[in-house]
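**Student:** Take this structure first; my questions come after.
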Amino acid sequence: MAVSQLIGAKIHRREDPRLITGHGRYTDDLPHQGVVHMSVARSPHAHARIRSIGVEAAKKAPGVLAVFTAADFKDVIGGPATFPVAPVFAPNKQTNPPRYPIAAKEVCYQGEPVAVVIAENRGQAADGAQLVDVDYELLPAVMDIEEAAKPGSPKVHSDQPDNIAWDATYVPWEATDEAFKTADVVIKERILQQRLSPNPMEPRAVMAEYESFDKRMTMWMSTQNPHWIRLFVSGALGMGEHALRVVSHDVGGGFGSKISPYPEDYLVPATAKLLGKAVKYTETRTEAMQNAYAGRGQIFDVEVAAKKDGTLLGMRVTQLLDAGAYIGTFGAFQTCACLMAGGAYHWKAISSRSLAVLTNKITTDPYRGAGRPEATHVAERMMDLLAVELDMDPVELRRKNFIREEEFPFTQNFGLVIDSGDYEKAMDKALKIVGYDELRKKQKEQRKQGKLVGIGLSTWIELCGLGPGAVTGPATGGVVLSESAQVKIHPAGGVSVYVGTHNHGQGNDTTHAQIVADTLGVPIESIDIRHGDTNEGPGFGYGTYGSRSLAVGGIAILRSCGKVIDKGKKVAAHLLEAAEEDIVFDHGKFHVKGAPDKSKALGEVAFAAYGQLPAGVEQGLEAVAYFEPPNFVWPFGTHICVVEVDPETGAVDMQKYVAVDDCGNVINPMIVAGQLHGGIAQGIAQALFEEMVYDEESGQLKSATFLDYAMLTANEMPEIQLDNTVTPSPTNELGVKGIGEAGTIASTAAVINAICDALSPLGIKHVDMPATPDRLWELMRRARGASNGNGKEARR
Amino acid sequence: MKHKVATTVNGHRQEHEVEPRLLLVHYLRDVVGLTGTHIGCDTSQCGACTILVDGKAVKSCTMFAVQAEGKKLTTIEGMATDGELHPLQQAFWDEHGLQCGYCTPGFIMAAAYLLEQNPNPTEDEIRRGLEGNLCRCTGYVNIVKSVQSAAKAMGGAIAKPAGRPAVTAGGE
């Protein structure tokens, strides 16, 4: 199809020149005449009743223009678009506490807004916020999810019946009775997924300006999906989408934390309206760590039934999920862990249940991978635990149970149809690269010398490219996650493309331009890809998350190009004096079938398209297309990690990391590798370092700065060896799958499996994340104590 | 209450009256209007605000603007001149050393100082040299590659960022 053959090529990113020279357009970078600054006075308590709010001192502070509390917003912000919540798939029960951007009577997490202070500069606004005097009556902070789920627990919201956010059983336990009755072995494990702070490097920022005469609002902000924000904020402010423009130019990372709306997304435009001034809010890092929607925060209780020969029979999995103080707008998506916990394998039956519990902490919501890293961790940990139980090589256990290449499309236990795959091929390639057999031989020798060396596999699969209407419709409350694109060919041949996805580091501007260049046969330099402005392009864009920008957004672009070509044929037929059905488009040129010498270039046809045309042919050469994917796409691969644990200190030395991944056809290999690097790094960081730590008594976040929350630096990052296999997806014309979350989905299990393998000579079976040196040291100490006969159980 | 501060930023003299508590990074962004220098934390861990102060890499959130009196400052905007990218900028572009790009200016400035101190660093020296800067997107893989590639392109020579006069003996 390609004339320029840019698909599959390493093309330099077109967004980079401005970013490497300091000319990015991140929200806080935008100059704005007369802008004033908002600071938020926040609850220092996890749970308290508000007796009174004193604002007089703040109002008198230098530079302060206004102080607003909940009462001031009640006529400005309201209605169902204020923090909408996507329903859980088939909930048995749901307590969904109503949420308002600013607390009036009760605060339910540390950081919840109680007042906003607007001042001439940010320092003055912050000073003013310090002077807001709130009288709180402390209430018990509900922090532990198991305790919170019990009847009679103190309540997260005093006006709600209980703390059960949802309780959804997908397949009842009876369905796995047979599998468990007939099993030779049954293993059980409790697997933790600690709470994580997403930490994109750019904290969130929102700026809004209201033009009172035109009744038009513009918001500039750091978001992954400006159209959703426009829908929510315009609804809550009662102004209609036509009157609100949301602009999101450069965004410094999202990782899921910039999908759902935040209190400031409502408070800033509302304040701009109340004051008649442009208002800006930029959060500090500590505000970001306290208030950004957190990731994970789950406990999985898992049972697996199998035959002696390793044949998998049944799985029972309960996801106990920490929903936080309010259910996240897309928080329910995390339940997909329950549907994916079977991984890449055949099972007779799987039962699963998701029990989400409210706590006095910030909300959890999708964070890179959202449910799928958790599912992979469950599946891959259980495989290794079973391998230990059966004394089988973990590779052979996987090989025995893999869904085989010839079985695709394969309907898994929850009715989801896996499009394509060749799991064994990817695994074998990874085994070869890492030198698996040699490593195992060497490991035997090393163990004799007392070395704690471990090899861990993660043969991950993923569902992404959100998503088909049949599944996403019910999960979002009726909105289907399709994607839109508009392609315009201007009279002189320039091409403008407007996409509904968003680019916050994924390189979509480049990847999308490659697709357009090849499809239209025009030089990439003549193409402008635009995202992040709701006043441009199609009526709605669905944004970027769930590894969808290529597998869904890319196809919308491809189809828009197709429509433009179809229209071009009508014009070319007129120019070439032939019938439309005889016109062929090839390599950027239209010609009559069988006569390629006499052709009209797309640019010539574009020029003609805006001139005089035969009756019945409209002017213009542009088209909009929406693509609703018929299915998810299902990338997969094998990651193998080799570690050595220091028996004295518990420090983990990561000696090798090999990843063989398959995301179908590759548009830009450089970008794919980059996505994997970053994703793997985030997974390694979860496995080894990161954790949000709260004081269980007061509910204070103790890890609220980069001093206290262990981010991975260049110094800790091991060398990663990447390779791939290519199994195209049959669900879209490009044969592509997603790769944005793959690294994070795959890597925690590879690392933890390697650590567990390393510690297995001590009788340690399972290690929870983060596998910090002190945790491992304590585990080893207890294990040695146990082997000395003191009988204390050695695990965790 | 305001204090006068005079600096040279990317070769241009700047004079302003500022509050004594104003951080250098806020001065550069909000007063001088150079927003390429970013803020990623409150505690001087992330390095997004790294600039050169008299040729040395400094996290500009660790200084007050008034402490920069008389200093020569180089920000990311001063690294390229006349459309010619600094070798480090070119290398970050070539090697896909950035994704969201927010931390990138800080990395480039930190790397510029690193290469000035050590024109032929080993991979390990690069990793240790950049551990004061955080990136959430790249896993540092291609950042390290970018610095290696820039070092090679610069032929082990000490590159002077454009727009900044060469450091004189004694480091001014």
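**Student:** Taking N as the number of residues in segment A:126-180, what is its alpha-carbon radius of gyration divided by 2.2 N^0.38 Å?
**Tutor:** Values: Rg = 19.9 Å, N = 55, 2.2 N^0.38 = 10.1 Å.
Working it through for segment A:126-180, the quotient is 1.97.
**Student:** A further question on this structure: If each DSSP helix of 4+ residues adds -39,500 (n - 2.57) and the sum is divided by the residues in the protein assembly as shown, what number results at 222 nm, nearest 500 deg cm²/dmol? The partial results should precede the final answer.
**Tutor:** Working: 25 runs with 264 residues, N = 968.
Counting only the DSSP helices, I get -8000 deg cm²/dmol.
**Student:** Moving on to the next point. How big is the equivalent ellipsoid of segment B:3-78 along its three axes, where each semi-axis is √(5λ) from the Cα gyration tensor, reported in whole Å from largest to smallest? Before the final figure, lay out each step's value.
**Tutor:** Working: eigenvalues 58, 38, 23 Å².
One finds semi-axes of 17, 14, 11 Å for segment B:3-78.
**Student:** Which of A:Asn225, A:Phe255, A:Ala205 sits farthest toward the positive end of the charge dipole of segment A:127-256, with +1 on the Cβ of Lys and Arg and -1 on the Cβ of Asp and Glu?
**Tutor:** Projecting each Cα onto the dipole axis, the largest value belongs to A:Asn225.
**Student:** If you don't mind, another one. Can you run phi through the Karplus equation (6.51, -1.76, 1.60; θ = phi - 60°) for segment A:560-565 and list ³J(HN,Hα) in whole Hz, with x for Gly and Pro?
**Tutor:** Once rounded to whole Hz, the list reads 4, 4, x, 5, 5, 5.
**Student:** Taking each residue in B:41-53, count the Cβ atoms of any other chain within 10 Å of its Cβ, then average. What number comes out? Display every interim value, and only then the final one.
**Tutor:** Values: counts 12, 11, 8, 3, 8, 5, 2, 3, 0, 0, 0, 0, 0.
Per residue, the number of nearby Cβ atoms from other chains is 4 on average.
**Student:** What is the Cα centroid distance between segment A:736-770 and segment A:16-49, reported in whole angstrom?
**Tutor:** Rounded to whole Å, the Cα centres lie 36 Å apart.
**Student:** Moving to a separate point now. For Cα pairs less than 8 Å apart in space and 6+ apart in sequence, what is the mean separation divided by the residue count of chain A, i.e. the relative contact order in percent?
**Tutor:** Relative CO of chain A lands at 15 percent.
**Student:** How long is the gain from A:Ser52 to A:Val185 if the chain were fully straight, where each residue apart is worth 0.36 nm and the alpha carbon distance is subtracted? Before the final figure, lay out each step's value.
**Tutor:** On the way: separation 133, 0.36 × 133 = 47.88 nm, distance 6.04 nm.
So the chain would gain 41.8 nm between A:Ser52 and A:Val185.
**Student:** With an 8 Å cut-off on Cα pairs and a minimum separation of 6 or more residues, tell me the relative contact order of segment A:483-627 in percent. Walk me through the intermediate numbers first.
**Tutor:** Values: 285 pairs, mean separation 47.4, N = 145.
It comes to 33 percent, rounded to a whole number.
**Student:** Another question, if that's okay. At each listed q (0.11 Å⁻¹), what is the log10 of I(q)/I(0) that the Debye formula gives for chain A modelled as equal alpha-carbon point scatterers?
**Tutor:** Rounded to two decimals, the profile gives -1.24.
**Student:** For segment B:3-78, what does the relative contact order come out to in percent, with C-alpha contacts under 8 Å and a separation of six or more?
**Tutor:** Working: 149 pairs, mean separation 30.9, N = 76.
Over segment B:3-78, the number comes to 41 percent.
**Student:** What are the semi-axes of the equivalent ellipsoid of segment A:418-570, taken as the square roots of 5 times the eigenvalues of the Cα gyration tensor, listed largest first and rounded to whole Å? Don't jump to the answer; show the numbers that get you there.
**Tutor:** Numbers: eigenvalues 390, 78, 41 Å².
Square roots of five times the eigenvalues give 44, 20, 14 Å.
**Student:** Within segment A:483-627, count lysine pairs with alpha carbon atoms under 13 angstrom apart where the residues are 8 or more positions apart or belong to different chains. Let's see the in-between values first.
**Tutor:** Values: A:Lys488/A:Lys563; A:Lys488/A:Lys567; A:Lys569/A:Lys589; A:Lys569/A:Lys593; A:Lys569/A:Lys600; A:Lys570/A:Lys600; A:Lys589/A:Lys598; A:Lys589/A:Lys600.
Count of close lysine pairs: 8.
**Student:** Moving on to the next point. Can you spot the lysines whose alpha carbon is less than 22 Å from B:Lys72's alpha carbon? Ignore those fewer than 8 places along the same chain.
**Tutor:** B:Lys2, B:Lys4, B:Lys56, B:Lys59, B:Lys160
**Student:** On a C-alpha basis, how far is the centre of segment A:134-213 from the centre of segment A:417-450 in Å? Whole number, if you could?
**Tutor:** About 36 Å separates the Cα centre of segment A:134-213 from the one of segment A:417-450.
**Student:** Right, here's the next one. Suppose we keep just the alpha-carbon trace of segment A:250-357; what are its Rg and Dmax in angstrom?
**Tutor:** 20.6, 73
**Student:** In chain B, if every C-alpha pair distance is counted and binned at 5 Å from zero, what percent goes to each bin?
**Tutor:** 2, 9, 18, 22, 20, 15, 8, 4, 1, 0
**Student:** Follow-up question, since we're still on this one. Please enumerate, by chain and number, the aspartates and glutamates with C-alpha under 14 Å from the C-alpha of A:Lys181, excluding those fewer than 8 residues away in the same chain.
**Tutor:** A:Glu303
**Student:** Something else: I need the phi-derived Karplus couplings for segment A:595-609: 6.51 cos²θ - 1.76 cosθ + 1.60, θ = phi - 60°, integer Hz, Gly and Pro marked x.
**Tutor:** Going residue by residue, I get 10, x, 5, 9, 9, 10, 6, 3, x, 5, 5, 4, 4, 5, 5 Hz, with x marking Gly and Pro.
**Student:** If you don't mind, another one. Report the full-extension gain for the segment A:Asn715 to A:Glu174: residue separation times 0.36 nm, less the Cα-Cα distance, to one decimal in nm. Walk me through the numbers on the way to the answer.
**Tutor:** Numbers: separation 541, 0.36 × 541 = 194.76 nm, distance 4.99 nm.
Additional length available on full extension: 189.8 nm.
**Student:** Mind checking the full-extension length gain between A:Lys105 and A:Arg25? Use 0.36 nm per residue of separation minus the Cα-Cα distance, one decimal, nm. The partial results should precede the final answer.
**Tutor:** Numbers: separation 80, 0.36 × 80 = 28.80 nm, distance 3.84 nm.
Additional length available on full extension: 25.0 nm.
**Student:** Same structure, new question: Output wanted: per-residue J couplings in Hz (rounded whole) for segment A:230-246, from phi through Karplus 6.51 cos²θ - 1.76 cosθ + 1.60, θ = phi - 60°, x for Gly and Pro.
**Tutor:** Result, rounded to whole Hz: 4, 4, 5, 6, 5, x, 5, 8, x, 10, x, 5, 5, 9, 10, 10, 10.
**Student:** For a 19 Å ceiling on Cα separation, which of these pairs sit above it: A:Lys425/B:Lys145; A:Lys60/A:Lys215; A:Lys308/A:Lys348; A:Lys308/A:Lys400? Mind dumping the intermediate values first?
**Tutor:** Numbers: A:Lys425/B:Lys145 30 Å; A:Lys60/A:Lys215 31 Å; A:Lys308/A:Lys348 15 Å; A:Lys308/A:Lys400 12 Å.
Correct reply: A:Lys425/B:Lys145; A:Lys60/A:Lys215.
**Student:** Using a Förster distance of 56 angstrom, determine the FRET efficiency expected from the C-beta separation of A:Lys10 and A:Asp133, and round it to 0.05. Could you put the intermediate results ahead of the total?
**Tutor:** Details: r = 59 Å, r/R0 = 1.05.
It comes out at approximately 0.45.
**Student:** Separate question: If I take R0 = 22 Å and measure r between the Cβ atoms of A:His242 and A:Glu604 in this structure, what FRET efficiency does the formula 1/(1 + (r/R0)^6) give, to the nearest 0.05? All intermediate terms of the calculation are to be shown ahead of the outcome.
**Tutor:** On the way: r = 37 Å, r/R0 = 1.67.
So, using R0 = 22 Å, E works out to roughly 0.05.
**Student:** Ok, one more. Please work out the C-alpha center-to-center distance from segment A:525-599 to segment A:650-699 and express it in whole Å.
**Tutor:** Using only Cα atoms, the two centres lie 37 Å from each other.
**Student:** Continuing with the same structure: State to the nearest 20 debye the size of the charge dipole of segment B:87-153 about its Cα centre, where the only charges are +1 on K and R beta carbons and -1 on D and E beta carbons. List each step's numbers first, then the result.
**Tutor:** Working: 5 positive and 7 negative charges, 27 e Å.
Once rounded to the nearest 20, the dipole reads 120 debye.
**Student:** Another question about this same structure. Which trypsin sites (Lys or Arg not before Pro) in segment A:572-638 sit in a loop by DSSP (not H, G, I, E or B) and have at most 11 other Cβ atoms within 10 Å of their own Cβ? Intermediate results must be reported in sequence, preceding the final value.
**Tutor:** Working: sites: A:Lys589, A:Lys593, A:Lys598, A:Lys600; in loops: A:Lys593.
Loop-located and lightly packed - A:Lys593.
**Student:** Could you pull out every one of the aspartates and glutamates with an alpha carbon less than 14 Å from that of B:Lys152, ignoring same-chain neighbours closer than 8 positions?
**Tutor:** B:Asp94, B:Glu95, B:Glu116, B:Glu123
**Student:** For segment A:589-650, run through the GluC sites (Glu not before Pro) and keep only the ones in DSSP coil with at most 13 other Cβ atoms within 10 Å of their Cβ.
**Tutor:** Those that pass, being in a loop and sparsely packed, are A:Glu618, A:Glu648.
**Student:** Turning to a different aspect of this structure: Counting other Cβ atoms within 10 Å, keep those with at most 13, restrict to DSSP loop, and tell me which GluC sites (Glu not before Pro) in segment A:678-717 are left. Write down the numbers at each step before the final one.
**Tutor:** On the way: sites: A:Glu690, A:Glu691, A:Glu696, A:Glu697, A:Glu716; in loops: A:Glu690, A:Glu691, A:Glu696, A:Glu697, A:Glu716.
Counting only loop positions with at most 13 other Cβ atoms within 10 Å, the GluC sites (Glu not before Pro) in segment A:678-717 are A:Glu696, A:Glu697.
**Student:** Need one value for A:703-715: mean number of C-beta atoms belonging to other chains within 10 Å of its residues' C-beta atoms.
**Tutor:** Working: counts 0, 2, 5, 8, 5, 2, 1, 0, 6, 5, 11, 19, 9.
What the average comes to for A:703-715 is 6.
**Student:** A further question on this structure: Once you have a ≥ b ≥ c as the square roots of the Cα gyration tensor eigenvalues for segment A:562-716, tell me rounded if a/c is under 1.5, and otherwise prolate or oblate according to whether a/b is larger than b/c.
**Tutor:** On the way: a/c = 4.56, a/b = 2.83, b/c = 1.61.
Verdict is prolate for segment A:562-716.
**Student:** Pairs A:Lys93/A:Lys361; A:Lys188/A:Lys258; A:Lys188/A:Lys656: which exceed 26 Å Cα-Cα?
**Tutor:** Values: A:Lys93/A:Lys361 21 Å; A:Lys188/A:Lys258 36 Å; A:Lys188/A:Lys656 30 Å.
With Cα atoms farther than 26 Å apart: A:Lys188/A:Lys258; A:Lys188/A:Lys656.
**Student:** In peptide A:671-678, how many Cβ atoms from other protein chains are near each Cβ within 10 Å, on average? Numbers along the way, then the final one.
**Tutor:** Details: counts 2, 0, 3, 10, 4, 2, 9, 10.
Mean inter-chain Cβ contacts per residue within 10 Å come to 5.
**Student:** Please list the three semi-axes, largest first and in whole Å, of the ellipsoid equivalent to segment A:483-627, using sqrt of 5 times the eigenvalues of its alpha carbon gyration tensor.
**Tutor:** Working: eigenvalues 165, 43, 30 Å².
They are 29, 15, 12 Å, listed largest first.
**Student:** Report, in debye and to the nearest 20, how large the dipole of the protein assembly as shown comes out about its Cα centre when Lys and Arg carry +1 and Asp and Glu carry -1 on their Cβ. Don't skip to the answer; put the middle values down first.
**Tutor:** On the way: 94 positive and 116 negative charges, 110 e Å.
Here the size comes out at about 520 debye.
FYI, it's all coordinate maths here, none of it is from the lab. Computed from a prediction, not measured in an experiment: that's the story for all the values here. Methodologically, a virtual Cβ is constructed for each residue, glycine included, from the backbone with ideal geometry; neighbour enumeration extends over all protein chains shown.
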